[in-house]
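These notes concern the structure reproduced below.
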Amino acid sequence: ATPTAVMVATGVGANNGVLIKGGESLERAQMVKYVIFDKTGTLTQGKATVTVAKVFAGMDRGEFLKLVASAEASSEHPLAKAILQYARHFHFFDGSSLTNGSQNDVNELKSGWLYDASDFSAIPGRGVQCVIDGQRVLVGNRKLLEESGINISTEVESFVVELEESAKTGILVACDGILIGVLGVADSLKREAFVVIEGLQKMGITPVMVTGDNWRTARAVAKEVGIRDVRAEVMPAGKADVVRSFQKDGSIVAMVGDGINDSPALAAADVGMAIGAGTDIAIEAANYVLMRDNLEDVITAIDLSKKTFSRIR
Ligand code: ADP
Ligand code: MG
């Protein structure tokens, strides 16, 4: 393609909310063999909601939610936001300390109702831990609890499995070495996800899903969206390794992601596509930015490349 053709294509892309950084990535997109999708915030809306909270240790429900929210208050993770929102709503509208405040008041009262947490740390791919009132509180996945030597009873395990099989993420909560409850968090698929996956397959492109979430939830989500190749429980650094493993035989690989933990993979891919609504770090690492936050633009980008570069043949 001539420089003019590349310039025209870049302009057409921009008009459709597809920002293309450079002619090389525009050229590579036509040869893509695999498109690797991050799960949370890329295939799903990234708006997690708590759908169920189960308390096991005979603790008061409001007390349980307040404790979990206090532990998550310093976390930036979408799961943490979902938990805080749910606990806050319970505290102000459903719990015993009911106030007659509006939703706005509730937002203003962000942290005043929480316990002070000290020694907070976020463990990537695991969850959070902190100390509240002299007790060590852990909120996260199985691995986090197992690594701290906390026993997960068969009752708790089967509850978590049930959540995961219905595509939800189970978040376990332990206090002072004892498992006290489980939260179920749901995150819906983007409405166009299924059609886009089907479209890629028709183009002879293999879609893949990669996530830090657990295998069971990952498989359930992949099944819903029609993706057969899934990589789950991948640590943030591991996503780039997944990209490289698909490049081994010389295949051209695209990665689509939104999070900080996707940026090494976006950089490693031949074609990195960041969701415009995603984090700045992901946007910087990518060759393409999909401004409309619509997965159909993955196909738009590949089509644009094909049209631009077929003219010279
Ligand atoms: P993803 O690749 O889906 O964006 P992450 O690598 O961010 O996932 O997290 C992987 C898993 O670690 C989550 O599914 C969750 O089980 C656990 N986790 C991470 N951060 C938190 C948190 N702040 N609270 C609870 N669980 C968390
Ligand atoms: Mg993500």
Inter-label distance for residue 93 and residue 146, nm, one decimal - labels placed 7 Å from Cα along Cα-to-Cβ: 3.7 nm
Value of Rg/Rh across the chain [Cα atoms, Kirkwood radius]: 1.04
Ratio of the Cα radius of gyration of the stretch 107-185 to 2.2 N^0.38 Å, where N counts its residues: 1.16
Relative contact order, percent, the stretch 49-186 [alpha-carbon distance under 8 Å, six or more residues apart]: 29 percent
Summed residue charge, Cβ within 13 Å of residue 163's Cβ, Lys/Arg positive, Asp/Glu negative: -2
Neighbour-count order for 239, 190, fewest beta carbons within 10 angstrom listed first: 190, 239
Relative contact order for the chain, counting Cα pairs under 8 Å that sit 6 or more residues apart, in percent: 25 percent
Exceeding the 27 Å Cα-Cα cut-off - candidates 39/143; 21/81; 33/190; 81/143; 47/143: 21/81
Environment charge of residue 250, counting only residues whose C-beta is closer than 15 Å and scoring Lys/Arg +1, Asp/Glu -1: +2
nm² value of the averaged projected area, convex hull over the Cα atoms of the stretch 49-186: 8.0 nm²
Charge context of residue 132, other residues only, Cβ under 11 angstrom, K/R +1, D/E -1: -2
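No lab work stands behind these numbers, since they all come straight from the coordinates. Predicted model, so just to flag it, every value in this text is computed and none were measured. Positions of Cβ are backbone-derived with ideal geometry, glycine not excepted, and every protein chain shown enters the neighbour counts.
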